[in-house]
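This report concerns only the one structure given below.
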Amino acid sequence: MELEVRHLRALCAIADTGSLHRAARQLGVAQPSLSTQLRRIEQELGGALFRRERTGCRPTPLGRLVLSRARPLVAEMRSLVTEARAAAAGGPQLRVGSTASRALSGWLRRLRAHGQEPTLHMDVSPNALLRMVADGQLDVAFVHEVEGSPLRIPEGLRLRVIVEREPQFVSLPADHPATAKPVVDLADLAQDRWMIDPTVDGEWDAVHRMFRAAGINPRVLHGDYHTAAALVATGEVVTVCQPSCLPRPEMAVRRLRGDPLGVRLLLAARTETDLDGVRPALEEAYWEAARQAPAYREWLERAVPAAR
């Protein structure tokens, strides 16, 4: 078997996510297929590239050597493809990466209004997006850092803090008894099933710490944001949500008492010029989305009277 760029891309994904499951999801392949591919790569190179531990996959010394050569090759290939496509389309494009945010549509709209033509790469992993910026695959990335779980910031990246601490709220079925109050106690949700996405960097650990501090041990299901929203709407689960999340007839959004869970919102790029070129549009879009969300707007008026 001859090594190809797709094999190197798979190795980088495993290292970046620390998990075969998360890497397979990022690459859009089945986990058994990725496991088989990894075994063949290791056979070709003559040794194990990752140690399988209880907490995930960690590179071996051989793995670190291979990754040090693989990353620049993968980055160069992606840059080649991106630049070729941009040239074929008639001009350069701004490559934007982001985790989920209601500010995205307003941000992209403002960038286009200023003559920039952004492309968008979404990922649940802030660490993966930061690595893509560092490798030259993205120009900027808007990411969140879960409180208590610091991100791995690649060397050379420039950062801007968009929001120092954004409280996380909870979405729950509209007919849930706890919706009678504007602020919900965690104890009122102790008997509910919660849905958490374990592939989001730091989220499960932070939620687990929140449960432990509150002295509760609710049942937890694993699923992505879209699945969680659908199950909240049918009354199956409650879930953590961004404060800018909008309520719907079948779903309510409430603040958690004491704001026990928070994230820091960051903008990352390789240069100060790249940051300054997109930051004002992002900040305008973020505060626009914040004002549109009733629960978050009320929180801001109480907690930060001078907020935008």
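Figures for the structure shown
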item	result
Cα lying deepest toward the dipole's positive end in region 1-127, options LEU20, THR99, GLN116, charges on Cβ	THR99
Long-range amide H partners of VAL163 with built H, under 5 Å	LEU265
Cα-projected label distance for THR227 with ILE153, points at 7 Å along beta-carbon direction, nm	3.4
Cysteines in the chain lacking a second Cys C-beta under 4.7 Å	CYS12, CYS57
Solvent-accessible area per residue, Å², over region 221-294 with all protein chains present [probe radius 1.4 Å]	43
Extended-chain gain in nm, criterion 0.36 nm per residue less alpha-carbon gap, THR271 and GLU44	77.9 nm
Normalised contact order of the chain, rounded percent, pairs of Cα under 8 Å and 6 or more residues apart	20
Where region 96-194 is the region considered: accessible area per residue in Å², 1.4 Å probe	42
The chain - percent of accessible surface contributed by carbon and sulfur, probe 1.4 Å	51
Interchain or long-range residues, amide H under 5 Å from ASP259's placed H	none
Debye, to nearest 20: dipole size of region 173-308, +1 on Lys, Arg Cβ, -1 on Asp, Glu Cβ	400
Shape of region 1-76, Cα gyration tensor, a/c cut at 1.5	rounded
Among beta bridges that DSSP assigns inside region 1-144, antiparallel share in %, nearest 5	35
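The values are calculated or read from the model by the stated rules, or taken from the named source; none is laboratory data. All values derive from a computational prediction rather than experimental measurement. Cβ coordinates were reconstructed from backbone atoms using ideal geometry, including for glycine residues, and neighbour counts include every protein chain displayed. Surface accessibility is based on the protein's heavy atoms, side chains included, excluding ligands, DNA and RNA. Shrake-Rupley method; radii C 1.70, N 1.55, O 1.52, S 1.80 Å.
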